[in-house]
């Protein structure tokens, strides 16, 4: 339970907002610093929303360092968050979403798609730097899924 409290108080930009967690199964291992939520799992805090079949929260010294959301081929993991100085949400889906809390970076792997306002990007792997508002898109490992983007000027 301390892990959940530390997540709410230290991890995310909207740390004063209450955090809500839903899942069919929850396993918390404080010794390892790992919480695993499975079965239609979701975490919301302020404007941040993460949902997936499985969500893992990693911590060191009761401070969240990383969140990994893993979806399925039929139901991809989902990330959504309002960004500072932006009217629109950033919304992303992928088979696997890794949120590096300290670096404020999100990595999307497998069937990755990110929408920011009127711009959208897709590829095998997308890296999104929240602070710098920078997106790096790469083709899939097997080369079958090329990078695509749409920008409205």
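A short reminder: the numbers here are calculations on the coordinates, not readings from a lab. Values in this document were obtained by computation on a predicted structure and should not be read as measured data. Note that each Cβ is placed from the backbone with ideal geometry, even for glycine, and that neighbours are counted across all protein chains shown.
The ranking of 31, 107 by Cβ neighbour count inside 10 Å, starting from the fewest, reads 31, 107. Extension gain for residue 31-residue 87 works out to 16.1 nm (0.36 nm per residue, less the C-alpha to C-alpha distance).
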